[in-house]
Amino acid sequence: MMRRVVELEKSDKEPNHLELFKGTDLYRTLIVCGVYLAQNLTGNLIANQAVYFFEREFSSSLFL
Amino acid sequence: MSTNSAFALGLITSALQMIFVMLSWILTTYLGRRTIYLWGSGFNTILLVALGVAASIPVTKGTPAATAASLAQASLGLIISVLFTLGPAPASWVIIGETSAIRLRPLTTGIGRASYYIVEIPCIFLGSYMLNPTVGLFSLRVLR
């Protein structure tokens, strides 16, 4: 597989950025962008701050 | 909670995330990435709505109800971030790597990553507003 991809990259013509927005490749670009964006938009920046919420609740030394 | 135990809890969260990523390797032998991604995201959506509800119920500060609501937010946040690493997070990297055409793969991934950073900037901005107790914008909702 790796060898085939390397050969393919040598033999094929240079890819162009405009091709990303044509036909089936447009859908592929949109899917990849959407999946990337979902990582941000699912609120992980907040959800990863669980420690901060615990800290707020237990700041009076109830915990540990 | 002392600084040390807060740090320990942060480490525990990271360790749990690592374990759940390893569990996701087992999960992928039984389920396809479409199933994992869609059901994982759906389940996480439900939990995020529950977190939002827990943060929106009006309670008076210092009462047991306020403590319960705060603890619910904290636990749900931890569960969401850990479950995200079990299902949607590894599946999303697979989808990103496998969707694009082989010839265009570097370009598609590059464009995707660029859009990720463009959206991440406002997300960080909003996140710091949400978590900052001295800024009034969200402080009553997310925190109390």
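Computed from the C-beta positions of B:R34 and B:A65, the FRET efficiency with R₀ = 30 Å rounds to 0.15.
Here chain B is assigned +1 on the Cβ of each Lys and Arg and -1 on the Cβ of each Asp and Glu. Its dipole about the Cα centre then comes out at about 160 debye.
Shape of region B:1-90 from its Cα gyration tensor (a ≥ b ≥ c, root eigenvalues): rounded if a/c is under 1.5, otherwise prolate when a/b > b/c, or oblate? Show your work: numbers first, answer last.
Working: a/c = 4.64, a/b = 1.55, b/c = 2.99.
Taking the square roots of the gyration eigenvalues as a ≥ b ≥ c, region B:1-90 is oblate.
Shown is the FRET efficiency for B:Y117 and A:R3, computed with R0 = 41 Å from the Cβ-Cβ distance and rounded to the nearest 0.05: 0.80.
If you find the alpha carbon centre of region B:72-122 and of region A:1-34, how far apart are they in angstrom? Centre-to-centre distance over Cα atoms comes out at 19 Å.
Taking the number of Cβ atoms within 10 Å of each Cβ as an exposure proxy, the fewest-first ranking of A:Y36, B:Y117 is B:Y117, A:Y36.
Between B:L16 and B:V53, the distance separating the two model label sites (each 7 Å from Cα on the Cα→Cβ line) works out to 2.1 nm. The packing ranking, built from the mean of other Cβ atoms within 10 Å per residue, places the peptides B:72-80, A:2-10 in the order B:72-80, A:2-10, highest first.
Neighbour counts of C-beta atoms inside 10 Å place A:T24, B:T108 in the sequence A:T24, B:T108, starting with the fewest. Mean per-residue shielding of peptide A:13-25 is 3, counting Cβ atoms of other chains within 10 Å of each Cβ.
For a footprinting-style exposure proxy, rank B:I121, B:I111 by other Cβ within 10 Å, fewest first.
Going from least to most buried by this count: B:I121, B:I111.
Taken together, the values in this text are just the output of simple stated rules run on the coordinates, not laboratory data. The shown structure was predicted, so the numbers you read here are calculated from the model rather than taken from an experiment. Ideal geometry is used to build each Cβ from the backbone, glycine not excepted, and the neighbour counts take in all protein chains shown.
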